[in-house]
1. Are there any pairs, at least 6 apart or on different chains, whose C-beta atoms fall under 6 Å, with the first in region 111-136 and within 15 Å of ILE100 (Cβ to Cβ) and the second among the hydrophobic types (A, V, I, L, M, F, W, C) and in a strand (DSSP E or B), and if so, which?
2. Quick check: anything in region 9-19 more than 30 Å from SER112 (Cα to Cα), at pLDDT below 95 and hydroxyl-bearing (Ser, Thr, Tyr)?
3. Show the residue pairs meeting these rules: Cβ distance below 8 Å; 6+ apart or different chains; first residue within region 59-78 and free of Cβ contacts under 8 Å to residues at least 60 places away in the same chain and crowded, with 17+ Cβ neighbours inside 10 Å; second residue among the charged types (D, E, K, R) and not in a helix (DSSP H, G or I).
4. Taking the condition modelled with pLDDT of 95 or more, of a type outside the set (S, T, N, Q) and not in a loop (DSSP other than H, G, I, E, B), does PRO54 pass?
5. Within region 22-39, can one find any residue that is farther than 20 Å from THR93 by Cβ, among the hydroxyl-bearing types (Ser, Thr, Tyr), touching a helix residue (DSSP H, G or I) at 6+ places or on another chain (Cβ under 7 Å) and touching a residue at least 40 places away in the same chain (Cβ under 8 Å)?
6. Please find, within region 93-109, the residue that is farthest from the chain's Cα centre (by Cα) out of those that are of a type in the set (D, E, K, R) and surrounded by fewer than 19 Cβ atoms within 10 Å (Cβ to Cβ).
Amino acid sequence: LSSAALAIGSDISPMLIRVAKMLSRISPKLGTQKLDSKWISRDSAEVAKYDNDPLVYRGGIPARTGAEMMRAMEIVTKGTPRIKYPLLIVHGTADKIVDIEGSMQMHARAGSADKTLRLFDEGYHESHNEPNKAEVLNLYTDWMDERVAGSAEMPESHHKRRGKK
């Protein structure tokens with residue numbers, strides 16, 4: 001997971017959460033908070049690419065989307081202890097888009113015996129688009145390579161389609 005939205009920010013009051021949930025029912029398409037692209041990356045070229053991407057939504061987060069994201073965070077939090085597979089969580093310590101606390105809580109609560117939390121000092125939201133992107137991408141590939149190297153070789157019969165030679 002990379003900077004996943006796993007927890008509601010500590011700066012969001014319970015009253016605001018209740019109002020947001022109410023708004024999602026009354027006016028689900030109402031635009032709320034807009035994303036400030038300057039917090040995507042410390043790399044200005046990456047921010048410019050984001051700003052010039054015609055597929056990026058520019059409006060405020062629709063009220064229903066925000067409420068459903070909060071609901072999903074609750075579901076994921078409750079299910080975190082059931083995670084048994086290898087887990088890599090990456091987050092920048094200066095992420096202003098998603099609260100880092102969610103990543104730290106997931107790491108602490110995940111049921112997996114093989115879990116890694118890697119925090120990048122002063123990193124913004126898109127760790128893989130930061131000035132140290134090579135370090136981040138190497139972390140991803142090294143982490144996966146370590147786990148693939150430890151897996152058993154599949155028998156040849158597993159690669160053949162059933163009933164076909």
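The values are calculated or read from the model by the stated rules, or taken from the named source; none is laboratory data. From a predicted model like this one, the values you see are computed outputs, not experimental measurements. In this analysis, Cβ positions are derived from the backbone assuming ideal geometry, glycine residues included, and neighbour counts consider all displayed protein chains.
1. Every condition considered, the pairs that remain are LEU117/ILE89; ARG118/VAL90; SER127/VAL90; SER127/PHE120.
2. Within region 9-19, one or more residues are more than 30 Å from SER112 (Cα to Cα), at pLDDT below 95 and hydroxyl-bearing (Ser, Thr, Tyr).
3. ILE61/LYS34; PRO62/LYS29; ALA63/LYS29; ARG64/LYS29
4. For PRO54, the condition - modelled with pLDDT of 95 or more, of a type outside the set (S, T, N, Q) and not in a loop (DSSP other than H, G, I, E, B) - is not met.
5. Looking for residues that are farther than 20 Å from THR93 by Cβ, among the hydroxyl-bearing types (Ser, Thr, Tyr), touching a helix residue (DSSP H, G or I) at 6+ places or on another chain (Cβ under 7 Å) and touching a residue at least 40 places away in the same chain (Cβ under 8 Å), one finds at least one in region 22-39, hence yes.
6. ARG109
Yes/no per residue for (1) of a type in the set (S, T, N, Q); (2) part of a loop (DSSP other than H, G, I, E, B); (3) under 15 Å from the mean Cα position of the chain (by Cα):
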{"position": "ILE8", "(1), (2), (3)": "no, yes, yes"}
{"position": "ARG18", "(1), (2), (3)": "no, no, no"}
{"position": "ALA72", "(1), (2), (3)": "no, no, yes"}
{"position": "HIS91", "(1), (2), (3)": "no, no, yes"}
{"position": "GLY111", "(1), (2), (3)": "no, yes, no"}
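Conditions tested, residue by residue: (1) at pLDDT below 95; (2) within 18 Å of the chain's Cα centre (by Cα).
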position: THR80; (1), (2): no, yes
position: GLU122; (1), (2): no, yes
position: ASN132; (1), (2): no, no
position: MET144; (1), (2): no, yes
position: GLY150; (1), (2): yes, no
position: PRO155; (1), (2): yes, no
